[in-house]
Each structure stands twice: as structure tokens, then as C-alpha cells.
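Student: I am attaching a structure below and will ask some questions about it afterwards.
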Amino acid sequence: SAFEKAFPADSSAQLLVIGRGAIPTRHPRVFFLGHLSHDKLLQTLSRADWLVVASLAENQPLAISEAQAMGVSLLAADRTGLPEHVDIDPGGALFQTEADLVELFTTRERSRRHHTERRTLMSAARKKFDPELTAVRYEELYRAMPQVLN
């Protein structure tokens with residue numbers, strides 16, 4: 001509904017909905033892609049400007065890390081697990097309400113992303129979410145925890 005409010009039917013903006021769910025809409029610029037293979041997902045992300053995540057709760061959503069590693073900025077609900085992703089994403093933002101998301105859509109649409117912004121985000125995300133670095137961080141965390149006696 002935020003997309004419908006932000007963009008008229010003749011807009012060039014598109015909302016690509018990925019996943020098995022569906023939402024009621026008659027907006028001609030909303031496209032339901034369904035479940036995508038990994039290759040198709042990467043192709044879709046390579047053309048996307050923003051990933052919109054309106055989840056009620058997230059802990060560590062891998063989809064966001066993958067999208068940012070492809071240079072896709074995040075527009076996310078200001079809820080658990082999501083705010084920590086905008087620290088590396090100058091083009092990203094958080095929203096509290098549908099009206100906030102409508103405003104983000106309209107302001108972002110007026111200021112198209114430059115390819116250097118995308119490359120900068122790709123680099124920052126790949127550094128932050130590097131699998132080897134993540135493994136080292138987990139190992140350090142678990143080694144620092146006191147032993148629990150049974």
C-alpha cells in the first residue's frame with residue numbers, strides 16, 4: 001500500500017515482490033516473481049536499487065546482507081535485527097510507519113542512485129559480512145564465554 005500511495009500507475013518505478021507470499025494489489029507496476037533460484041535472485045538484485053524489508057521481527061536476515069553485497073540499499077522497518085544494517089548504507093533508511101515508507105519512496109525516487117554509491121555499499125557489505133571474518137568473530141565470542149557446568 002505504501003508503494004501504491006507513493007507511485008501513480010504511470011510511474012516508471014516498479015515493485016518486485018520476491019517469495020511465495022502475495023499481497024492484494026491492482027497496481028500495474030507491482031510484479032510478483034515468486035520463489036527465485038539463487039541465480040535469478042542475483043540477477044534481480046543486480047537491477048534493483050532498494051530492498052524493502054517490512055518484517056515485524058528479524059534476527060540476522062541473510063537476504064539483507066546478500067542484497068547489500070550486491071549494492072542494493074535497504075529501506076527497512078525500524079525493528080529487531082534491521083537497524084544494524086544501515087550503518088554501512090548511506091542510501092538506506094529505516095521507517096516506523098507506512099507514511100514514513102511513502103516518504104522514503106518519494107524522496108528516493110527523486111534522487112536516483114549513482115553507480116559509485118552502489119560500488120561503495122558493495123565493498124562495505126562484503127567487508128562487514130565476510131564469511132571468514134564472521135567465523136573468526138563467532139569463535140572469539142564463544143571462547144570468551146565462561147564455561148557452563150552441567
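Student: To test your reading of the geometry: what angle, between 0 and 90 degrees and rounded to tens, separates the Cα axis of helix 115-128 from the longest principal axis of the chain?
Tutor: On a 0 to 90 degree scale, this one is about 30.
Student: As a test of the definition: which semi-axes, in Å, follow for the stretch 44-130 when you take the square root of five times each eigenvalue of its alpha carbon gyration tensor? Largest first, please.
Tutor: Values for the stretch 44-130, descending: 19, 17, 10 Å.
Student: Under the √(5λ) rule applied to the eigenvalues of the Cα gyration tensor, what semi-axes describe the equivalent ellipsoid of the stretch 1-82? Give them in Å, descending.
Tutor: For the stretch 1-82, the semi-axes come out at 21, 16, 13 Å.
Student: Still on this structure, please answer the following. Would you give the gap between the C-alpha center of the stretch 20-55 and the C-alpha center of the stretch 75-150, rounded to a whole Å?
Tutor: So the two Cα centres are separated by 19 Å.
Student: Under the 0.36 nm per residue contour assumption, what length would be gained going from the current alpha-carbon distance of L62 and V30 to full extension?
Tutor: Using 0.36 nm per residue and subtracting the Cα-Cα distance, I get 9.1 nm.
Student: Another question about this same structure. If you wrap a convex hull around the Cα atoms of the chain, how much volume per residue is inside, in Å³?
Tutor: Given the Cα convex hull of the chain, per-residue volume reads 149 Å³.
Student: Still on this structure, I have one more. Using Cα pairs closer than 8 Å and at least 6 residues apart in sequence, work out the relative contact order for the stretch 1-90, in percent.
Tutor: 21 percent
Student: Counting only protein heavy atoms, what percent of the accessible surface of the chain is carbon or sulfur at a 1.4 Å probe? If you can, show how the numbers build up before the last one.
Tutor: Values: 5570 of 9930 Å².
After summing per-atom areas, the C and S share lands at 56 percent.
Student: Just to confirm the number: angle between the C-alpha axis of helix 131-144 and the first principal axis of the chain, 0 to 90 degrees, nearest 10?
Tutor: 40 degrees
Student: Counting only heavy atoms of protein chains, what accessible area per residue, in Å², does the stretch 18-70 have with a probe of 1.4 Å?
Tutor: Working: 3490 Å² over 53 residues.
Dividing the accessible area of the stretch 18-70 by its residue count gives 66 Å².
Student: Follow-up question, since we're still on this one. Working out 0.36 nm times the residue gap between Q96 and K128, then minus their Cα-Cα distance, what length gain in nm do you get to one decimal?
Tutor: Result: 9.0 nm gained on full extension.
Student: Now for a separate question. Using a basic spin-label model with each label point 7 Å from the Cα along Cα→Cβ, how many nm lie between A54 and D87?
Tutor: In this crude spin-label approximation the distance works out to 2.8 nm.
Student: Shape verdict for the stretch 81-136, please, from the Cα gyration tensor: rounded (a/c under 1.5), prolate (a/b greater than b/c) or oblate.
Tutor: oblate
Student: Here's another thing I want to ask about it. Work out the FRET efficiency for D78 and Q147 from their Cβ-Cβ distance, taking R0 = 41 Å, and round it to the nearest 0.05.
Tutor: 0.65
Student: Okay, helix-only estimate at 222 nm for the chain: each DSSP H run of n ≥ 4 adds -39500 (n - 2.57), divide by all residues, round to 500 deg cm²/dmol; what do you get?
Tutor: Estimated from H runs of four or more residues: -13000 deg cm²/dmol.
Student: Here's something else I'd like to know. Averaged over every viewing direction, what's the projected area of the C-alpha convex hull for the stretch 104-150? Give it in nm², one decimal, please. Mind showing how you got there, number by number?
Tutor: Details: hull surface 24.0 nm².
Over all viewing directions, the stretch 104-150 projects a mean Cα-hull area of 6.0 nm².
Student: Related question: Would you work out which of A77, V102, H35 lies farthest towards the positive end of the dipole of the chain? Charges go on Cβ: Lys and Arg +1, Asp and Glu -1.
Tutor: Result: H35, furthest along the dipole toward the positive end.
Student: Would you work out the charge dipole size for the chain about its Cα centre, treating the Cβ of every Lys and Arg as +1 and the Cβ of every Asp and Glu as -1, and quote it to the nearest 20 debye?
Tutor: On the way: 18 positive and 19 negative charges, 86 e Å.
Computed charge dipole of the chain: roughly 420 debye.
Student: For the peptides 139-147, 80-88, 66-74, what is the packing order when you average, over each peptide's residues, the other Cβ atoms within 10 Å and list the highest mean first?
Tutor: Packing proxy ranking, top to bottom: 66-74, 80-88, 139-147.
Student: At 1.4 Å probe size, what's the solvent-accessible area of V53? Round to the nearest 10 Å².
Tutor: V53 exposes around 20 Å² with every protein chain in place.
The values are calculated or read from the model by the stated rules, or taken from the named source; none is laboratory data. Since this is a predicted model, take the numbers as computed values, not measurements. All Cβ positions, even for glycine, are placed from backbone atoms using ideal geometry, and neighbour counts span all protein chains on display. In case anyone asks, the SASA skips ligands and DNA or RNA and just uses the protein heavy atoms, side chains included. Shrake-Rupley method; radii C 1.70, N 1.55, O 1.52, S 1.80 Å.
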